[in-house]
Amino acid sequence: DARHALLCFLRWRQTGDDRYKELVLKTADRYLSALPETKDRALTPKTLAPVMGLLHGAYRISRDPKYLSQSEALADLALNHLFEEDCPLPYATQWREKYPYYASISYGDSLALMFLELALLRNGGVEEVDRLGVECSIR
């Protein structure tokens, strides 16, 4: 869902077609009401990074701070469940006892990029993100 909407964001940037913009904003709005469940479902960088990227895209379209606020909440969730103080790489999932490792296929790199993009959007603005070309990978 978020990855498809991210593709629509990229297409909107290429074409300016408002139909893509509306899809991005409607999809992003669906992610504003709640955070992912962490008790019974796996939380991974792959579940968070595309949603953060989508929220950033919605912010870049609308400049509505609600999208960055939700992205910050997701970043806090990731920091609390996927990271430890002595390790800069995220775990593959919040279940560290069962999966005590980093997995490159889990989108840890995209999550790190989304942390960077969030900081840039909060401090440097949309123009800085556009200049640097920071984008969440969609693979």
Q. Pairing the Cα long axis of helix 18-30 with the longest principal axis of the chain, what angle in degrees results, from 0 to 90 and rounded to the nearest 10?
A. 30
Q) PHE115: net charge of surrounding residues, Cβ under 13 Å, Lys/Arg +1, Asp/Glu -1, itself excluded? A) -3
Q | Cβ-based net charge around TYR67, under 14 Å, with every Lys or Arg adding one and every Asp or Glu removing one | A | +3
Q. Any idea what angle helix 65-82 forms with the longest principal axis of the chain, computed on alpha-carbon atoms, 0 to 90 degrees, nearest 10?
A. 20
Q | Distance (nanometres) between label positions extended 7 Å along Cα→Cβ at LYS66 and LYS98 | A | 3.5
Q.
If you take Rg/Rh (Cα atoms, Kirkwood Rh) from the coordinates, which of (i) 0.97; (ii) 1.15; (iii) 0.93 do you get?
A. (i)
Q | Helix 2-15 vs. the chain, principal-axis angle (Cα, 0 to 90°, nearest 10) | A | 30
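FYI, it's all coordinate maths here, none of it is from the lab. Here the structure is a predicted model, which is why all the values come from computation and not from measurement. Counting neighbours? That spans all protein chains shown, and the Cβs are built from the backbone with ideal geometry, glycine included.
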